[in-house]
Amino acid sequence: MILHNYDLYEDCYRVRLLASCTEQSLELINVNAFPGAEEKTAPYLKLNPLGRLPILEDKDLCLRNLSAILLYVAEQDAQKRFIPKDSAERARMMDWLGFACDDLSVATEARAVALLDAPGDVVALRAKVRQLFRILDDHLTRQSLKGEPYVAGKTPCLADIALFPAFALCRDFNLDHDEFPAARLWARQIRMLSGFITMPGIPDYH
């Protein structure tokens with residue numbers, strides 16, 4: 001599998017993290033996304049007319065939607081270790097995967113404004129992210145009371161992998177982890193997964 005990658009984009013990190021935790025190799029093609037905006041040049045617009053990363057290629061397949069990329073990589077794992085067998089748990093996984101990739105895209109936007117000079121109001125974006133993290137933190141608190149330390153059940157799933165980067169990197173736009181104690185505990189557990197890798201900006205502890 002080929003990943004068109006920029007090391008400082010958390011969406012690309014999500015794919016790298018999942019591949020590492022499932023012991024799959026990726027061929028990385030590093031893109032000059034900042035300041036070069038290479039993903040918006042004509043050759044890349046042929047791969048993704050939306051002009052953004054990540055892009056995953058595997059033989060004749062080319063994927064540009066983050067949820068689709070993550071699900072595809074998870075499915076290539078022979079052990080399917082991050083895809084629940086139980087149908088209800090799998091449905092909860094997909095629900096939280098959508099939260100991670102769609103709703104929490106505002107966290108990606110906030111970080112781009114804070115670090116990469118992207119246009120936007122970082123104060124307003126930070127407020128939106130805080131509301132979303134409160135939803136996540138409340139859910140993780142309820143999960144803990146049920147004896148289920150992960151978002152969909154007792155074992156980590158694809159949604160946990162997808163959710164981790166937004167929370168781990170939120171200090172880049174001045175949102176502190178201390179506001180979300182259940183999420184802090186959950187993040188520590190994600191860091192303990194076999195194959196876990198980090199990226200620039202992720203602190204050594206949460």
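Nothing in this text is a laboratory measurement; each read-out follows from the coordinates by a stated rule. Computed from a predicted structure; not experimentally measured. In this analysis, Cβ positions are derived from the backbone assuming ideal geometry, glycine residues included, and neighbour counts consider all displayed protein chains.
A few notes on this one:
- Inter-centroid distance (Cα atoms) of segment 21-57 relative to segment 117-146, Å: 27 Å
- Structure-based [θ]222 nm, the chain - -39500 (n - 2.57) summed over DSSP H runs of at least 4, per residue, nearest 500: -15000 deg cm²/dmol
- Taking a ≥ b ≥ c as the square roots of the eigenvalues of the alpha-carbon gyration tensor, segment 1-122 is classed oblate because a/c is 1.5 or more while a/b is no larger than b/c.
- Percent RCO, i.e. relative contact order, over segment 2-76, from Cα pairs under 8 Å lying at least 6 residues apart: 36 percent
- A Förster radius of 35 Å combined with the Cβ-Cβ distance from Ala124 to Cys62 puts the calculated FRET efficiency at roughly 0.55.
- Dipole of segment 87-191 [Lys/Arg +1, Asp/Glu -1 at C-beta], most positive-end residue of Cys170, Gln143, Ser105: Gln143
- Point-charge dipole on Cβ atoms (K/R +1, D/E -1) for the chain, about Cα centre, debye to 20: 400 debye
- Ascending count of other beta-carbon atoms within 10 Å, so fewest first, for Phe164, Phe34: Phe34, Phe164
- Cross-link pairs beyond the 24 Å C-alpha cut-off, checked among Lys59/Lys154; Lys85/Lys154; Lys40/Lys128; Lys59/Lys80: Lys59/Lys154; Lys40/Lys128
- Under the span-like rule (Cα at least 18 Å along the axis, Kyte-Doolittle mean at least 0.0), DSSP H helices of the chain: 122-145
- Gain upon complete extension [Leu26, Arg188; 0.36 nm per residue less C-alpha separation]: 55.8 nm
- Based on C-alpha pairs under 8 angstrom that are at least 6 apart in sequence, the chain has a relative contact order of 22 percent.
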